[in-house]
1. State all residues of region A:1-55 that are of a type in the set (Ser, Thr, Tyr) and either in a helix (DSSP H, G or I) or touching a strand residue (DSSP E or B) at 6+ places or on another chain (Cβ under 6 Å) (or both); if no residue qualifies, say none.
2. Which one of the conditions (1) away from chain B (no Cβ under 14 Å); (2) modelled with pLDDT of 95 or more does A:Arg47 fail to meet, given that it meets all the rest?
3. Of these, A:Glu81, A:Glu34, A:Glu42, A:Glu94, which one is surrounded by fewer than 21 Cβ atoms within 10 Å (Cβ to Cβ), closer than 30 Å to B:Lys6 by Cβ and assigned by TED's automatic domain parsing to the domain that holds A:Tyr248?
4. For B:Gly96, are the conditions met, namely being free of Cβ contacts under 8 Å to residues at least 24 places away in the same chain, at the interface with another protein chain (Cβ under 10 Å from one of its Cβ atoms) and small (Gly, Ala, Ser)?
5. So A:Met1 fits all but one of (1) out of contact with any helix residue (DSSP H, G or I) (no Cβ under 6 Å at 6 or more places or on another chain); (2) within 24 Å of A:Ala161 (Cα to Cα); (3) open to solvent by less than 70 Å² (accessible area, probe 1.4 Å); what number is the exception?
6. Would you confirm, using the coordinates I've provided, whether A:Gly115 is among the small types (Gly, Ala, Ser), at positive phi and either at pLDDT below 95 or in contact with a Pro (Cβ under 8 Å, 6 or more places away or on another chain) (or both)?
7. List every residue pair whose Cβ atoms lie under 7 Å apart, where the two residues are 6 or more positions apart in sequence or sit on different chains, the first residue falls within region A:1-26 and is more than 7 Å from chain B (Cβ to nearest Cβ) and on the phi < 0 side of the Ramachandran plot, and the second residue, located anywhere, is of a type in the set (A, V, I, L, M, F, W, C) and open to solvent by 30 Å² or more (accessible area, probe 1.4 Å).
8. Search region A:235-265 for residues being charged (D, E, K, R) and modelled with pLDDT of 95 or more, and hand back the single one that is nearest to A:Arg151 (Cα to Cα).
2 protein chains.
Amino acid sequence: MRMSAKCPACLLNRIYQECRMVSDDEEKIGRIIERAMEMILEEFRRREVNAIASTRVHRMVYRMLDNDDPYRELKRRANEETARILPLARRYVERGDRFRNAVVASIIGNSFDYGVLGHEVNDSNFREYFEREFRRGLAIDDVDEIRHLCRGRVVYLADNAGEIVLDRLLVEEIKRLEGRVSFVVRGRPVLSDATIEDARFAGIDEVADEILTNGQGAIGIIEEELPEDTRERMESADIIISKGMANYECLSEGSFDSIAFLLKAKCEPVARDVGVRVGDMVAMLR
Amino acid sequence: MRMSAKCPACLLNRIYQECRMVSDDEEKIGRIIERAMEMILEEFRRREVNAIASTRVHRMVYRMLDNDDPYRELKRRANEETARILPLARRYVERGDRFRNAVVASIIGNSFDYGVLGHEVNDSNFREYFEREFRRGLAIDDVDEIRHLCRGRVVYLADNAGEIVLDRLLVEEIKRLEGRVSFVVRGRPVLSDATIEDARFAGIDEVADEILTNGQGAIGIIEEELPEDTRERMESADIIISKGMANYECLSEGSFDSIAFLLKAKCEPVARDVGVRVGDMVAMLR
């Protein structure tokens, strides 16, 4: 999925917020915003895949901020907040169709993203939010086909910290189906995306067969950056579970197939591309 | 007040929304966003006054959209919605210190702005909102000095449609003090700002001594664009009542004095410059 006309403002706003989180130096932030605008303009002119453009721009921002993880504290909080509702989510999963319920829980987890313009989840309403979303269900529901493929070789591409705590529930269900799970996190901190530490916090290392990375911490998947083992698993997978919008943006343009996109459509361009409305939850096999 | 690092994203977002309001042509909107980014980058590099930069960029957008008033319908609605709470506001003004209450009512009116990022007033809570804000009062309160100067020659610079309905209450109070009111609206439609039609809708023509314009519809005041009569009134005024952030951005850098800035600080850069918190209401004489 290519950059849409809405992406530049959203990206620029996120960069401003990101700078503010870790710096009060108006002049430095001004220089970063200037450079970011130049880069975004260039990326937008060639309608780059948004997540790839974002990756380039955020890398520049991190360098100029001289900070390799501005979202550290936010990720920690997201993990802890989500861990607090894990028992609730587990009860929901255990009543009825466990696999389906775990898919939905993991997609609700995908809402916990603090950077998308106009999309905010209020921590204090967390529990209530979870319950409401759970009742709401999926706008695109390919869960049965996805379940079928999850008996084989599964590559699970994680998205955010926080969310990853609920991903664990789905990994457990895939293991019940006797699937083999290669769980892939970002290879370096970027935005609020999950890295190896978050996977350990969520205990994914206890349930998945292996934990791999996407290499250099792209926001999503940049194929040229994939480590050899990760690429090999993705190529030979029976199904790739792709969490979130950034992985969607990249893989909807990429060479892999049998991809289950599990996401909450948090912005208009992605919702339009998927064919749903903003706020809808999707479990779509392509 | 010069552009801050937050302004480019806010401006770009507003332009996107503005395009979407009147067009579904993704390709055209893409071209507009590209051109807007080029211009905003240039304006930001020289830290132009934000309202002046916005004026230039929005004029380009209107030209490329081939639309001279994308906010027409929104202004109509804002006027009508505000007219509906006018009796309530009038009752508030009439109990106690009328002038002070009218100042506060007119500043609450300044909240009714649909374009500032992160700042939304929900129409349905209008009445409740008015009452809550009224109780809240002013963060900077130079009302007594302002009242004193309002016995003389007053230039009243309006801001938005909707808001202008409540401005009428303050103009009435100035007339009670026997001040002479030159009421200034935008000379052409721009954003949701009030023009001569909105002044007539609000009945300002029945209470003010004259209605003038800012010339070519700048967002705020661009001195070179002021018609001769408007400039003369501003130069010889005992006090200039300046509503809203755009007028503040321009006049805080300009050559006029004895200015009463009546505004709701709707964004962080303006709040910081004024020395209050976002959301605060201000009646500040400078």
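1. Here is the first cut: in region A:1-55, the residues of a type in the set (Ser, Thr, Tyr) are A:4, A:16, A:23, A:54-55.
Matches in region A:1-55: A:Tyr16, A:Ser54, A:Thr55.
2. Answer for A:Arg47: the failing condition is (1).
3. Working: A:Glu34 fails: assigned by TED's automatic domain parsing to the domain that holds A:Tyr248; A:Glu42 fails: assigned by TED's automatic domain parsing to the domain that holds A:Tyr248; A:Glu94 fails: closer than 30 Å to B:Lys6 by Cβ.
One residue alone meets the criteria, A:Glu81.
4. no
5. With respect to (1) out of contact with any helix residue (DSSP H, G or I) (no Cβ under 6 Å at 6 or more places or on another chain); (2) within 24 Å of A:Ala161 (Cα to Cα); (3) open to solvent by less than 70 Å² (accessible area, probe 1.4 Å), A:Met1 is out only on (1).
6. It is false that A:Gly115 is among the small types (Gly, Ala, Ser), at positive phi and either at pLDDT below 95 or in contact with a Pro (Cβ under 8 Å, 6 or more places away or on another chain) (or both).
7. Here the result reads A:Cys10/A:Leu117, each pair linking region A:1-26 to a residue that is of a type in the set (A, V, I, L, M, F, W, C) and open to solvent by 30 Å² or more (accessible area, probe 1.4 Å).
8. So the residue we want is A:Asp238.
The values are calculated or read from the model by the stated rules, or taken from the named source; none is laboratory data. Predicted model only: the values in this text are computed from it and were never measured. Quick reminder, even Gly has a Cβ in these numbers, built from the backbone with ideal geometry, and neighbours come from all protein chains shown. These area figures cover heavy atoms from the full protein model, side chains too; ligands, DNA and RNA do not enter into them. Shrake-Rupley method; radii C 1.70, N 1.55, O 1.52, S 1.80 Å.
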